[in-house]
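Q: One structure coming up, written as structure tokens, with questions to follow.
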Amino acid sequence: MLKNLSPLLSGTLLSALDSMKNGDLLTLVGSGYPEEEIVSRVIHLGEVTTEAAADAILSVLPLNSEDPAPIAFLDCTGALDDLPDVAFAVKGIASDAELRRVSMVHLEREEFIALARRSVITVRVGSDAPPCAFLLRKGGS
């Protein structure tokens, strides 16, 4: 184990994250996300929460600073009254990791899936509650 790295960051996941280029997309989904919609390489993290996965990934993955909203989310429940708790948490995790305010945009299902099909990596967690999916756009240095 490496010092100060989340145990969720396996060698496979770290290698995949390292191979991403500036502007590439990573999709983070729960078990409720339709399997047939995933076309990129899938890395399963097991029975962890979306928040825990986002925290681990965003501890090493820089977000694109040129994109006004480098995170997009799909609320799989279809209820858009409020920002879902998990989306609020991921937004906070991202802002803490980036040391800046990170904006997030809600996408409708068709638009989200179209972008998710361009992802280079899909990270799947076992938790499907609450059912949300996220797109993270990598930044570069």
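Q: Where residues in region 127-141 are at pLDDT 90 or above and not basic (Lys, Arg), which of them is surrounded by the fewest Cβ atoms within 10 Å (Cβ to Cβ)? Reasoning before the result, please.
A: Taking region 127-141 as the starting set, the residues that turn out to be at pLDDT 90 or above are 133-139.
Within this subset, residues satisfying the condition of being not basic (Lys, Arg) are 133-136, 139.
Values: Ala133: 26, Phe134: 26, Leu135: 23, Leu136: 27, Gly139: 18.
Looking at residues that are at pLDDT 90 or above and not basic (Lys, Arg), I get Gly139.
Q: Does Leu115 meet the test of being aliphatic (A, V, I, L, M) and not in a helix (DSSP H, G or I)?
A: No: the conditions fail for Leu115.
Q: Here is a follow-up. Within the bounds of region 73-89, is there any residue that is modelled with pLDDT of 95 or more, surrounded by 16 or more Cβ atoms within 10 Å (Cβ to Cβ), aliphatic (A, V, I, L, M) and in contact with a helix residue (DSSP H, G or I) (Cβ under 9 Å, 6 or more places away or on another chain)?
A: No, the conditions are met nowhere in region 73-89.
Q: If you don't mind, there's one more thing I want to ask. So which residues in region 8-44 are more than 12 Å from Ala116 (Cα to Cα), surrounded by 17 or more Cβ atoms within 10 Å (Cβ to Cβ) and in contact with a strand residue (DSSP E or B) (Cβ under 6 Å, 6 or more places away or on another chain)?
A: Hits for region 8-44 are Leu8, Leu13, Ala16, Met20, Gly30, Ile43.
Q: Right, here's the next one. From Leu115, Leu61, Leu99, which residue is surrounded by fewer than 17 Cβ atoms within 10 Å (Cβ to Cβ) and within 11 Å of Leu136 (Cα to Cα)? Outline the logic, then answer.
A: Details: Leu61 fails: surrounded by fewer than 17 Cβ atoms within 10 Å (Cβ to Cβ); Leu99 fails: within 11 Å of Leu136 (Cα to Cα).
Within the list Leu115, Leu61, Leu99, the selection yields Leu115.
Q: Could you list, ordered by first residue, the pairs with Cβ atoms under 9 Å in which the first is in region 35-54 and touching a residue at least 12 places away in the same chain (Cβ under 8 Å) and part of a strand (DSSP E or B) and the second is surrounded by fewer than 17 Cβ atoms within 10 Å (Cβ to Cβ) and among the polar types (S, T, N, Q), at least 6 apart or interchain?
A: Pairs that qualify, where the first residue is touching a residue at least 12 places away in the same chain (Cβ under 8 Å) and part of a strand (DSSP E or B) and the partner is surrounded by fewer than 17 Cβ atoms within 10 Å (Cβ to Cβ) and among the polar types (S, T, N, Q), are Ile43/Ser10; Ile43/Thr12; Leu45/Ser10.
Q: Of everything in region 12-61, what is in contact with a Cys (Cβ under 8 Å, 6 or more places away or on another chain) and not small (Gly, Ala, Ser)? Give them in sequence order. First the steps, then the outcome.
A: Looking only at region 12-61, we keep the residues that are in contact with a Cys (Cβ under 8 Å, 6 or more places away or on another chain), and these are 30, 32-33, 50.
Within region 12-61, Tyr33, Thr50 qualify.
Q: Checking Val60 against (1) closer than 22 Å to Ser31 by Cβ; (2) in a loop (DSSP other than H, G, I, E, B); (3) among the hydrophobic types (A, V, I, L, M, F, W, C); (4) modelled with pLDDT of 95 or more: exactly one of these is not met. Which one?
A: With (1) closer than 22 Å to Ser31 by Cβ; (2) in a loop (DSSP other than H, G, I, E, B); (3) among the hydrophobic types (A, V, I, L, M, F, W, C); (4) modelled with pLDDT of 95 or more applied to Val60, the lone miss is (1).
Q: Further question on the same structure: I'd like to verify a number: residues in region 112-141 that are of a type outside the set (A, V, I, L, M) and more than 17 Å from Asp67 (Cα to Cα), how many? Please lay out each step first, then the result.
A: Just the residues of region 112-141 that are of a type outside the set (A, V, I, L, M), to begin with: 112, 117-119, 122, 124, 126-128, 130-132, 134, 137-141.
Applying the additional criterion that residues be more than 17 Å from Asp67 (Cα to Cα) yields 117, 122, 124, 126-128, 130-132.
Total meeting the criteria: 9.
The values are calculated or read from the model by the stated rules, or taken from the named source; none is laboratory data. Not measured: the values here are computed from a predicted model. Because the Cβ atoms are built from the backbone with ideal geometry, glycine has one as well, and the counts that use them run over all protein chains shown.
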